[in-house]
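Colleague: My questions will all concern the structure given below.
Here, each number is a calculation from the coordinates, and none is a lab measurement. Just so it is clear, the model here is predicted, and its values are computed rather than measured. Methodologically, a virtual Cβ is constructed for each residue, glycine included, from the backbone with ideal geometry; neighbour enumeration extends over all protein chains shown.
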Amino acid sequence: MNTTIGTYEAKAKFSELLRRVQAGESFTITRNGEKVADISPSKEPPKLKLKLGCMKEFFGEMSPDFNDPLPEFDEYQ
């Protein structure tokens, strides 16, 4: 369901408006009674937040010497 809101109120309550849109509401913004814009939730699915170490099962464990200098660079150290 679309809720109609004026530009002044939309500007004053923009953060709240975005939270409500994120929760699934849609709004029509008007200026002097004329429809100016529609704000509705994005159709894109939210991006997954990956946690550190979540891909271990695909790549295995890192070797203990992973961060050690490579022997090829001994002469530069």
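Colleague: List the residues of region 17-40 whose backbone N lies under 17 Å from a point placed 7 Å from the Cα of residue 48 along the Cα-to-Cβ direction.
Modeller: Counting backbone N atoms under 17 Å from the label point, the list is empty.
Colleague: When a/c is below 1.5 the answer is rounded, else prolate if a/b is larger than b/c, else oblate, so apply that to region 1-41 with a ≥ b ≥ c taken from the square roots of the Cα gyration tensor eigenvalues.
Modeller: Cα axes put region 1-41 in the oblate bin.
Colleague: Pick from 59, 27, 14 the residue whose mean-square fluctuation is largest in a GNM of the chain, springs joining Cα atoms under 10 Å.
Modeller: 59
Colleague: If you consider only alpha-carbon coordinates, what radius of gyration and Dmax does the chain have, in Å?
Modeller: Gyration radius and largest Cα-Cα distance of the chain: 25.6, 75 Å.
Colleague: Starting from region 24-77, pick out the GluC sites (Glu not before Pro) whose DSSP state is loop and whose Cβ has at most 16 other Cβ atoms within 10 Å.
Modeller: Here the sparse-neighbourhood loop sites are 25, 61.
Colleague: Report the local net charge at residue 22: Lys and Arg +1, Asp and Glu -1, summed over other residues whose C-beta lies under 15 Å from its C-beta.
Modeller: Result for the local shell: +2.
Colleague: Under a point-charge model restricted to the Cβ atoms of Lys and Arg (+1) and Asp and Glu (-1), what is the dipole moment magnitude of the chain relative to its Cα centre, in debye to the nearest 20?
Modeller: Dipole size: approximately 1080 debye.
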